Amino acid sequence: MISVDANAKINLTLDILGKRDDGYHEVSMVMQEISLHDTLHLEEIPAGIELEISGSDLPADESNLCYRAARLVKDTCNLKAGVRIRLEKRIPVAAGLAGGSTDAAAVFKGMNDLFSLNITEEKLCDLGAELGSDIPFCILGGTMLATGRGELLKRLPDFAGVNVVLAKPRVGVSTAWAYKTYDAGYTGRHPDNEAMIKAIEQGDVSGVSNLLCNVLEGVTIKEHVIINTYKQVMLKAGALCSMMSGSGPTVFSIAPDETVAEAVAAQIKGIDAGAAVFTAKTVGRNRG
């Protein structure tokens, strides 16, 4: 048996450049791995795919991304042996944190190691892109500029060890809904990815905080005003910034230190006892 941690992600920026001929959206976004994670345990069995999930009521059937990732590896490698996967779920579902994608990425990496398949990282990313645009990032981790539909990745310097607070209200957001609603018209601010990359290169936490921008935030806030409430509470509690991640509804903030991060988390819990609240740190390529 082997165990793999599957780290969540946040978006430091998210820009949509237009609709593609293949139905996807052309994006440009800076993605950051964080320490909030699920854990997957994989072991060889004689045949088939078995999936068990704790901590969530997600279906453990062929619709699950973990199951689909395992089947794709078996089919691609003509692997006769089977795999049992036990998923310990901590990352909230439908939260804008790539929870499903990172679990699938962990299956790709875990099966590669478990069965000594020697699949290159590049090939793992190609396989991941067949199932989801965020999976290649989750395989590689760290800090990345993602373009195309999210699968074209450029490594940026690590922006590791920064304190973040995450809060997900008791609602879920469909990524497809968010993008479709955005297409109805957006006239707000767009990210300055070049400036964001420079701030990351300089390790400028304040600069990164000032440059956070997500074009989907306004779309989702109109439907779920609690997101804006979280943002304001975080700032008043001492956070350097606050923004929605991905298509939401999770809001994250950057805190100057762990003490402030704990205070921000406590304030969110104080106004919404049903919120899923976490403190975490940004993670580098070496997972540190």
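The values are calculated or read from the model by the stated rules, or taken from the named source; none is laboratory data. Just so it is clear, the model here is predicted, and its values are computed rather than measured. Note: ideal-geometry Cβ built from the backbone for every residue, glycine included; neighbour counts use all protein chains shown. Side chains included, ligands, DNA and RNA excluded: accessible areas come from the protein's heavy atoms. Shrake-Rupley method; radii C 1.70, N 1.55, O 1.52, S 1.80 Å.
Taking N as the number of residues in the chain, what is its Cα Rg relative to 2.2 N^0.38 Å?
Normalised Cα radius of gyration, the chain: 0.98.
Would you calculate the separation in nanometres between label points at Asp5 and Lys236, each defined as 7 Å from the Cα along the Cα-to-beta-carbon direction?
Result: 3.4 nm between the two label points.
Quick check: the angle from helix 65-77's long axis to the longest principal axis of the chain, C-alpha only, nearest 10 degrees?
Result, in degrees: 40.
Along the Cα→Cβ direction, 7 angstrom out, place labels at Glu262 and Tyr186. What is the inter-label distance in nm?
In this crude label model, Glu262 to Tyr186 measures out at 3.8 nm.
So what J values fall out for region 131-140 if you push phi through Karplus, 6.51 cos²θ - 1.76 cosθ + 1.60 with θ = phi - 60°, rounded to Hz, Gly and Pro as x?
So the J values, rounded to whole Hz, are 9, x, 5, 8, 5, x, 4, 5, 5, 8.
Search the structure for amide H atoms under 5 Å from the amide H of Glu26, placed 1.01 Å from N in the peptide plane, and list their residues when 5 or more places away or on another chain.
Leu17, Gly18, Lys19, Arg20
Using a 1.4 angstrom probe on the protein heavy atoms only, could you order Glu258, Glu217 from most to least accessible area?
The ordering from most to least exposed comes out as Glu258, Glu217.
Normalised by the number of residues in the chain, what is the relative contact order in percent for Cα pairs under 8 Å and 6+ residues apart? Please list the in-between numbers first.
On the way: 654 pairs, mean separation 65.7, N = 288.
Reported as a whole number, the value is 23 percent.
Efficiency by 1/(1 + (r/R0)^6): what FRET value for Val171 and Glu62, r their Cβ-Cβ distance, R0 = 22 Å, to the nearest 0.05? It would help to have the intermediate numbers written out before the result.
Working: r = 27 Å, r/R0 = 1.23.
That gives a FRET efficiency of 0.20.
Sticking with the crude label model, points 7 Å out along Cα→Cβ, report the distance from Glu43 to Thr76 in nm, one decimal please.
Each label point is offset 7 Å from its Cα along the Cβ direction, giving 2.6 nm.
In square angstrom, rounded to the nearest 10, how much accessible surface does His25 have for a 1.4 Å probe?
Its heavy atoms expose roughly 20 Å² to the probe.
Considering all alpha-carbon pairs of region 150-234, what whole percent are spaced by more than 17 angstrom?
61 percent
Given the options Ser56, Ser247, Ser116, which has the most mean-square fluctuation in a GNM of the chain, springs set between C-alpha atoms less than 10 angstrom apart?
In the Gaussian network model the winner is Ser116.
Would you calculate, for the chain, the mean residue ellipticity at 222 nm contributed by helices, counting each DSSP H stretch of 4 or more residues as -39,500 (n - 2.57) and dividing by all residues, to the nearest 500?
The per-residue figure over the chain is -10500 deg cm²/dmol.
Given charges of +1 on the Cβ of Lys and Arg and -1 on the Cβ of Asp and Glu, with all other atoms neutral, how large is the dipole of the chain about its Cα centre, in debye to the nearest 20?
400 debye
Pairs Lys222/Lys269; Lys19/Lys198; Lys74/Lys109; Lys9/Lys269; Lys154/Lys180: which are spaced more than 18 Å apart, C-alpha to C-alpha?
Over 18 Å apart, Cα to Cα: Lys222/Lys269; Lys19/Lys198; Lys9/Lys269; Lys154/Lys180.
For the chain, take the longest principal axis of its alpha carbons; what is the angle in degrees between that and the long axis of helix 258-271, to the nearest 10 within 0 to 90?
80 degrees
So for region 132-288, what percent of the C-alpha to C-alpha distances run longer than 25 Å?
Distances greater than 25 Å cover 31 percent of the Cα pairs.
Residue farthest toward the positive end of the dipole of the chain, with Cβ of Lys/Arg at +1 and Asp/Glu at -1: which of Ser245, Asn286, Ala69?
Result: Ser245, furthest along the dipole toward the positive end.
Non-local amide H neighbours of Ala255 (under 5 Å, H modeled in plane, Pro and chain starts lacking H): which ones?
Counting only residues 5 or more places away or on other chains, the set is Asn163, Val164, Val165, Leu240.
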